[in-house]
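The structure appears right after this line, and notes come after that.
The values are calculated or read from the model by the stated rules, or taken from the named source; none is laboratory data. Everything numeric here is computed off the predicted structure, so don't read it as measured data. Heads up, the Cβs are rebuilt from the backbone with ideal geometry, glycines too, and the neighbour counts pull from every protein chain shown.
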Amino acid sequence: MSTVEAPPRGPATARAPRRRIRLTDRARHERNLGWLLAGPAFIAMVAVTGYPILNALWLSMFDYRLTDPGGREFVGLGNYTTILTDGLFWQQFGVTSLITVVTVAAELVLGFALAMVMHRALYLRTALRTAILVPYGIITVVSAYAWAYAFSNTYGFVNGLFGLGEFDWFGGTWSALVTVCVAEIWKTTPFMSLLLLAGLAQIPDDYLEAAKVDGATAWQRVKRVILPNMKAAIMVALLFRTLDAFRIFDSIFIMTAGAQGTETLSFLAYRQTISRVMVGLGSAVSVILAILVVIIAVMFVKVFKTDLSQQRGER
Amino acid sequence: MVLEKKPRRWACGSALVLFASVLTGCGGEDGGSTTLTYYIADAAQEDVATRCAAESGGAYSFNIQRLPNTAAGGREQLLRRLAAEDRSMDIVSVDPPFMAEFANAGFLRAFTDQERQEFSTGVLDGPLVQSTFRDTLWSAPLYGNTQLLWYRKSVLREAGVDPSAGPVTWDQLIEGATRAGVTLAAQGRRNESLMVWVNALVSSAGGSILESGAENLPADEVKGGLDTPAGEVATRIMRDLAVSPAAPAGFSTAGEEDSRSAFQAPDGGFMVNWPYVWAAFDAAIEEGSLPADFKDDVGWAAYPRVDAGTESAAPSGGLGLSISSFSRKPDLAVEAIRCLANAQSQKDFMKTAGNPAALASVFDDPEIRDLFPMADQIREGLDAATPRPVSPYYGDVTGSIQTAFHPPDSLAPGATPREGNELLEAVLSNRRLI
C-alpha cells in the first residue's frame, strides 16, 4: 500500500485547457518508451493485486465456509454489519492503534538519534551503518522468537537481568503488549533511521554552518534548521511505518498467539479466514483493514501534506 | 541506459530458468507413480515410513512432508491444501478432533467396509471411536493418547493425598499441593490444550460441550451444553487452580512442555499430561538436566475426578492416517497404511516418540511393558477416554471455547459458562467473531 502518489504537477496536467496538448516527437517517444518499460510491470501488478482485491470484495458479501462450499449464501453487507457491531472488532482496532502509535513514536525518536549518529560518524561509518541495520535484516518471525525467548519466564534472560523472578510477561495484556512493542521497535527502528538519514543528508552543511556562525546552540540548530528541512522525509518515514505497523501480525502470532487481548485487526482477519475458514467474513475484515490503511495514507498525504515526490528524488 | 552484453545474457538465462522451472513445477509434482506424498505430524513417523518403504520391495516410496508442530497449525495447513484440492497429497496425518471437519467437507476418502474391518481389528475403543464419523471409518488409528495424573512420590505425605491408593479429585489435589507448597501443573495456554482441559472437566462432571446430535446439524442449529451445572463446576475448578498458590508461574501461558518443566522443578508436585513425558524424562536425564534417579520419584494414576463418586473422563488424543480424496493413488496409499499403522510400526512409534499405540496387543509386548511401566493405566485410560466434541465445525467450537475460558484466573463460575455458551452459538451462526 505504499504506492500513494502526490498529485501530478507540471504543464501536462495544468488546469485550464481541456483540449489535447500537442506533444513534441520527443515527448511522445518518451511517453511510449515509458509505457513500454513500465507496461509489463503494470500488467503484472494488476494481475496479481487487482484480481485478489476484487475477488476479496466479492467474497466479502457471502456467508461462505470453505469446508461447506454447498452452503454458500449471498448476504450483501451482512458480514460488515456483523464485524462493525462486534465489540471484538473495536477492541482490536484499539489495540492495533495503540501499538501503531507507541511503536511509530518510539521509532521516530530512536530512528532520528540513530540517523544523526550515522550521519555524523567520522570513523567506521560503514561498519556502524551495517550494525544499525542488522535488526532490519532479520526476518520478523525470527526476531519475534528471539524476543519471546528473552522474555520467557522459564529460560529468558530479561527477568534475571531486572530481578523480576518468575514474572510472566505474556500472562497479562499490558506486559504482553510491552514485549510486542519492544520487539517491533527493535526490529524496525533501523528502517526509520534509514529514511531519516536520507532526509538528513539533503540538508546543505551551509545552513548549519550559518546557524552556528549566528550563535545558534545545538538544540536550536536541530529545532530551527534540521527539523524544518527534514519535514518531508519525516512525514514519508512516518507514513511508511504507520502503514506497516497498522498491519502488525507476525510478532503477536509468535509471542502471544493473540492471547491476553493482544490480537490486532490482521489477527482478526487471520482467525476468520485461516482458522475458521469463513472466507466471506474474513474477506470483509480484510477489506475493512485495507480501507483503514487507505484512510491513513490519504490522511498523511492530504492532511499532513506529505510530499512523496521528495522521496523519489524529484526535487 | 545502454545495457552491456553480459547482464543481458544473464537476464535471458535467468528468464529461461524461471520459465523452465514454472513448466516443470506444473508437470512433475508426482516424482514417480509409486511415490506417495505423506504428511507427517511427528518426526518419528519418518523412521517408520523409511522401514515400510524398504519392506515394500519398491512397491511404494514416500515423499515425506512435515506438518507444523502445533495441532492448530497442522489443521490449518491440511485444511488449506485440501480445500484447494491439492492432488499432490496422498496420506495425511489427522488429529482426531479435526477429522469430522475434513470428512464432512469431502476432503477424505472413506475406508471401504473391508478396509474398515482390517484397520479396526484389535484397536482400543477410544482411538477407534474418534476415527469414525457418521458410521464410516475415515482414519486408520496410528496412535491413541490420553492424559494421566503424574505425581512426585516424595510430596504425597505432606500433601495428604495419595493417588496410588485410589482416585483423587481436583479439589483434593489443589488443596494438597497448596498445603505441601508444590505445584499442580495443567495446560492453561490458549490453544488446543486448553480445549482438551475444558472438555475433560466438563465431561468428567457429566456434561458435554455440545448437546448430543450436534454432528448432524447445520452450524446455526448447533446448541452448546456449557450453561449447565457441569459447565459451572468445570469453570470453578479451572479458576480455583489458576488462582491458588499451587498454580505454576505463567499458568495462563503454559502448554504441555511448560507443565513438564514445572513438574521437573524443585517445587514440582503434580501434573496432568500425556504419556510422552515419560520418554521425555529419559531424554532430560540423558542430557543431564535431571538427576539420574528422577524417575524413581515419579508416580502415575488415572486422570483426576471432578466428583469423588464419578469416574473421570480422561482427555483423548492421538493421530490417524487418512487418505486425501484428491489423491491419484488411493489404493497404493491403503497398501502403505497397512504397514505404516501395523503393530510393528505402532510399537516402534511408541518406543521412539513415547506415544501410546492404538492396538491393544502392543501393550502386552514385553519390551513395551518394560519401557512403559504404566502401560496398563494408559490402556485403561485409552478405553475410557472421552473425545472432544465431534463436529464438522470443530474449528469454531474450539476457537470459541479457547476465547471464553481464557485466562483461567479470571473465569467466573456464575457467568463464564453462560457467556461461553452464547459465544459458541453466536460464532457458529456467524453472528460473532473470534
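Identify, from the list A:234, A:226, A:248, the residue that is assigned to a loop (DSSP other than H, G, I, E, B) and away from chain B (no Cβ under 14 Å).
On inspection, the qualifying residue turns out to be A:248.
Taking the criterion of being within 19 Å of residue B:35 (Cα to Cα) and surrounded by fewer than 17 Cβ atoms within 10 Å (Cβ to Cβ), the residues of segment B:66-85 that qualify are B:66, B:85. For residue A:49, state whether it is touching a residue at least 12 places away in the same chain (Cβ under 8 Å) and under 20 Å from the mean Cα position of the chain (by Cα). Here the answer is no, as residue A:49 does not meet what is asked. Looking at residue B:342, is it without any contact (Cβ under 8 Å) to a residue 60 or more places away in the chain and either under 21 Å from residue B:39 (Cβ atoms) or away from chain A (no Cβ under 14 Å) (or both)? Considered against the rule, which asks whether it is without any contact (Cβ under 8 Å) to a residue 60 or more places away in the chain and either under 21 Å from residue B:39 (Cβ atoms) or away from chain A (no Cβ under 14 Å) (or both), residue B:342 comes out as yes.
Summed over segment B:294-318, the residues that are of a type outside the set (Phe, Trp, Tyr) and closer than 20 Å to residue B:237 by Cβ give a count of 15. Take the conditions (1) within 24 Å of residue B:94 (Cα to Cα); (2) within 10 Å of chain A (Cβ to nearest Cβ); residue B:383 misses just one of them, which is (2). Would you call residue B:403 closer than 30 Å to residue A:264 by Cα and assigned to a helix (DSSP H, G or I)? Here the answer is yes, as residue B:403 does meet what is asked. Of the residues in segment B:83-90, at least one is within 14 Å of chain A (Cβ to nearest Cβ), closer than 25 Å to residue A:277 by Cβ and assigned to a helix (DSSP H, G or I). Here residue A:210 fulfils each of the conditions (1) modelled with pLDDT of 90 or more; (2) under 24 Å from residue A:109 (Cα atoms) apart from (2). Only one of these conditions is not met by residue B:272: (1) away from every other protein chain (no Cβ under 14 Å); (2) surrounded by 23 or more Cβ atoms within 10 Å (Cβ to Cβ); (3) assigned to a helix (DSSP H, G or I); (4) among the aliphatic types (A, V, I, L, M). Which number is it? The number of the failed condition is (3). Just one residue in the set A:183, A:210, A:233 is among the hydrophobic types (A, V, I, L, M, F, W, C) and closer than 18 Å to residue A:118 by Cα; that residue is A:233. Residues considered: B:307, B:293. Of these, the only one that is away from every other protein chain (no Cβ under 14 Å), touching a residue at least 24 places away in the same chain (Cβ under 8 Å), surrounded by fewer than 16 Cβ atoms within 10 Å (Cβ to Cβ) and charged (D, E, K, R) is B:307. Residue pairs whose Cβ atoms lie under 6 Å apart, separated by 6 or more positions or on different chains, with the first residue in segment A:54-72 and more than 8 Å from chain B (Cβ to nearest Cβ) and the second buried (at least 21 other Cβ atoms within 10 Å of the Cβ) and assigned to a loop (DSSP other than H, G, I, E, B), are A:72/A:64.
Go through segment B:233-264 and give me each residue that's part of a loop (DSSP other than H, G, I, E, B), farther than 28 Å from residue B:368 by Cα and within 12 Å of another protein chain (Cβ to nearest Cβ). Correct list: B:247, B:248, B:249, B:250, B:254.
Among the residues of segment B:191-232, which ones are among the aliphatic types (A, V, I, L, M), within 14 Å of another protein chain (Cβ to nearest Cβ) and either under 19 Å from residue B:315 (Cβ atoms) or assigned to a helix (DSSP H, G or I) (or both)? Hits for segment B:191-232 are B:194, B:195, B:219. On inspection, residue B:192 passes the criterion of being in the same structural domain as residue B:226 (by TED's automatic domain parsing) and closer than 30 Å to residue B:342 by Cα.
Answer yes if at least one residue in segment B:116-128 is among the basic types (Lys, Arg) and under 29 Å from residue B:377 (Cα atoms), and no otherwise. Taking every residue of segment B:116-128 in turn, at least one turns out to be among the basic types (Lys, Arg) and under 29 Å from residue B:377 (Cα atoms). May I ask you to list the residues in segment B:45-60 that are out of contact with any Lys or Arg (no Cβ under 9 Å at 6 or more places or on another chain) and either modelled with pLDDT under 90 or surrounded by fewer than 19 Cβ atoms within 10 Å (Cβ to Cβ) (or both)? Listed by number, the residues that qualify are B:47, B:50, B:51, B:54, B:55, B:56, B:57, B:58, B:59. With respect to the stated conditions, residue B:337 fails to be of a type in the set (Val, Ile, Thr) and either assigned by TED's automatic domain parsing to the domain that holds residue B:258 or in a strand (DSSP E or B) (or both). Tallying residues that are more than 17 Å from residue B:77 (Cβ to Cβ) and either part of a helix (DSSP H, G or I) or acidic (Asp, Glu) (or both) within segment A:255-281 yields 10.
For beta carbons closer than 7 Å, sequence separation of 6+ or different chains, a first residue in segment B:102-129 that is at pLDDT below 90 and buried (at least 23 other Cβ atoms within 10 Å of the Cβ) and a second that is of a type in the set (Ser, Thr, Tyr) and not in a helix (DSSP H, G or I), the qualifying pairs are B:126/B:146; B:126/B:316. Taking segment B:152-185 as the range and being within 28 Å of the chain's Cα centre (by Cα) and either among the aliphatic types (A, V, I, L, M) or not assigned by TED's automatic domain parsing to the domain that holds residue B:246 (or both) as the test, the residues that pass are B:168, B:173, B:174, B:177, B:182, B:184, B:185.
Within segment A:160-181, if we keep just the residues that are at the interface with chain B (Cβ under 10 Å from one of its Cβ atoms) and not in a loop (DSSP other than H, G, I, E, B), the residue that is farthest from residue A:104 (Cα to Cα) turns out to be A:171.
Exactly one residue out of A:99, A:83 is more than 14 Å from chain B (Cβ to nearest Cβ) and surrounded by 12 or more Cβ atoms within 10 Å (Cβ to Cβ): that is A:99. A single member of B:255, B:269, B:225 is more than 21 Å from residue B:192 (Cα to Cα) and not basic (Lys, Arg), and it is B:269. For segment B:407-431, the candidate set comprises residues that are buried (at least 21 other Cβ atoms within 10 Å of the Cβ) and part of a loop (DSSP other than H, G, I, E, B); within that set, the residue that is farthest from the other protein chains (Cβ to nearest Cβ) is B:411.
Contact annotation: residue pairs with Cβ atoms under 8 Å, 6 or more positions apart or on different chains, pairing a residue in segment B:352-374 that is closer than 16 Å to residue B:128 by Cβ and outside the structural domain of residue B:296 (by TED's automatic domain parsing) with a partner that is crowded, with 21+ Cβ neighbours inside 10 Å and of a type in the set (Ser, Thr, Tyr), are B:356/B:143; B:356/B:146; B:357/B:143; B:358/B:143. Would you confirm whether any residue within segment B:389-400 is within 21 Å of residue B:315 (Cβ to Cβ) and more than 14 Å from chain A (Cβ to nearest Cβ)? The answer is yes, given that some residue of segment B:389-400 is within 21 Å of residue B:315 (Cβ to Cβ) and more than 14 Å from chain A (Cβ to nearest Cβ).
If you check residue B:422 against the conditions, is it of a type in the set (Asp, Glu) and within 19 Å of residue B:213 (Cα to Cα)? Judged against the criteria, residue B:422 is a match.
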